[in-house]
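The values are calculated or read from the model by the stated rules, or taken from the named source; none is laboratory data. These numbers were taken from a predicted model, which means no experiment stands behind them. Quick reminder, even Gly has a Cβ in these numbers, built from the backbone with ideal geometry, and neighbours come from all protein chains shown. Areas reflect the complete protein model, heavy atoms only, side chains present, ligands, DNA and RNA absent. Shrake-Rupley method; radii C 1.70, N 1.55, O 1.52, S 1.80 Å.
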Amino acid sequence: MTATLANNRYLPPALGIGSLIAFVALVELLIRVGLINRFIVPMPSDIIAAFPRVIVEEHVLSRFLLTAAEAFSASILVTVFGVAGGVMLYRYQLLRRATETWVAAIAAAPLVLMYPLYLVIFGRSALTIVMMGFTAGLAPVILKTLEGLSATRRVLINVGRSFNLTPSQQFWKILFPAALPTIFVGLRLGLIFALINIVGVEFLINFGGLGQLINELAERYDLAGTYAAICFVILVSICVFILTERLERWLRPVD
Amino acid sequence: MAQTGGLTLPTAKPWGLPLRPVTALRVAIIVAVVVLWEALSASGWLYRDVVPSLLAIGQAVYATLSDPTFYFHLGTTAYEIGIALLIGGLSGLAVGLLLGGSKFMSRAYEAYLYYLGPCPKIIFFPLMIMWFGVGPGSKVAMGAISCFFPVALNVAGGMREIDKVLIRVGKSFRANTWQMVTKIYLPAMRHPVINGVRLGLGVALIGTLLAETKLSNRGIGFLVIQAYSIFNMPQMYALLIILFVISIGANTVIGRFGGLDEIRRS
């Protein structure tokens, strides 16, 4: 009985959406009744009504493009330096043995806390935000590139050897294509880390795109607007995750 | 017999160094970084004090560690993170068990957690200030929100990956629900749970400290942003170094727990 319910194609997602709507309706009701203070939590209907206002008056599109441009610059940097770093560690095994644990430790460190330091070095500008995103995304890309290259099947490398490929041919025809799916897993992680940190730092230093929008609306005590902006940022990030996930699945080899 | 390992050659020390090459390279990298740093610090190419000399940073680390007020702030932050980990971790565990135990629930709700998980949590901070005030409450809330997602998703995933044989063993011994949870589920899920807590601790730390840098009057995050606002760069480097050592250390300690478990199982 439960198994058939769980395997039903529409029922579980419908329950998910249904409970979300029910929760929102409940909040609306509790606010209208006065059990929740409307100066702390605005009514969901007000939040929905605030969407068009926030989008038009706060120039959400240009803010979105600014954040996207920062994320794009950071991902270019992350891709170039991360993949190059991974390839270098793969190529020079001694360097790898000396530094791989360091890179892993950096990946686990709360790097975003360095943002005041970056503020001093790069100024309160888009450069600080991009560099913060770059710093946050770099280590996972290095580690995943290294992992992908190291996991290349022996047989593929031997095929390349038996064809007498030069080292550069061996890299471009065998190693790199074989490692590409894993590298992309790393790039996706790196992009997500970069994006989180970019929006976070925008919020914290009150500069730039979508993160600043939330800070500004909150400081103006525009509650419905703040909630709407937060919903908007969440929607944008969910779209990015779904998009990159699709891309990753498309790249993954069928096995 | 036992000839398979006979091909390993004795490892000679190259270049006649007293150190292993890996250690030698590590030492070389550290020395190079130190020399470069000091050169940059002395050159005056960057703004004065942006790259303070290592001596000044060392002195600041010493001064910070011997200052009793630092321990007050460290205690505040540790307290906030501890409570956040407790709230976020336990609710994550409960939700994870619920989602992992029922395919129906997982198909209904897990996608929301999965996609909310990687969103930048700090944007919720204005709401947390409204709900819990400007004191430690809002920082705890930030940490708890951050920590909830990795724990819940790891527990749900771990619960689904429990070996079916183990569950059948428990059932054939007629274990009741409590016994199933304590004797079968939790021991079998130890690895993903510990991993979830490790990830959760990392993000709870970030959530709490970032919230402290944004608006607070105590805690390590407050000290960092105060060092920024009075432009005390050696102090800021010292705080960041101490913070990184603590967080990487905590991460390694929890990781060891998980690692040990893995070795024992294989």
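Report yes if A:ARG97 is of a type in the set (Lys, Arg) and within 10 Å of another protein chain (Cβ to nearest Cβ), otherwise no. So A:ARG97 passes the test.
Scanning the stretch A:119-135 for residues that are in contact (Cβ under 8 Å) with a residue 24 or more places away in the chain and within 10 Å of chain B (Cβ to nearest Cβ) yields one hit, A:LEU119.
Scoring A:PRO42 on the criteria (1) surrounded by 12 or more Cβ atoms within 10 Å (Cβ to Cβ); (2) in a helix (DSSP H, G or I) leaves a single failure, condition (2). With respect to (1) outside any loop (DSSP other than H, G, I, E, B); (2) within 11 Å of another protein chain (Cβ to nearest Cβ); (3) open to solvent by 80 Å² or more (accessible area, probe 1.4 Å), the lone exception for A:PHE72 is condition (2).
Scanning the stretch B:1-59 for residues being in a loop (DSSP other than H, G, I, E, B) and at pLDDT below 55 gives a total of 10.
Condition (residue is in contact (Cβ under 8 Å) with a residue 40 or more places away in the chain and more than 30 Å from A:LEU65 (Cα to Cα)) applied to the stretch A:149-169: is it met by at least one residue? Yes: the stretch A:149-169 contains one or more residues that are in contact (Cβ under 8 Å) with a residue 40 or more places away in the chain and more than 30 Å from A:LEU65 (Cα to Cα).
For (1) open to solvent by 10 Å² or more (accessible area, probe 1.4 Å); (2) of a type in the set (Ser, Thr, Tyr); (3) within 9 Å of chain B (Cβ to nearest Cβ), each residue gets a yes or a no:
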residue	(1), (2), (3)
A:GLY190	no, no, no
A:ILE198	no, no, yes
A:PHE203	no, no, yes
A:ASN206	yes, no, no
A:GLY209	no, no, no
A:GLU216	yes, no, no
A:GLU219	yes, no, yes
A:LEU223	yes, no, yes
A:THR226	no, yes, yes
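Of the set (1) buried (at least 22 other Cβ atoms within 10 Å of the Cβ); (2) within 11 Å of chain A (Cβ to nearest Cβ), all apply to B:ASP49 but (1).
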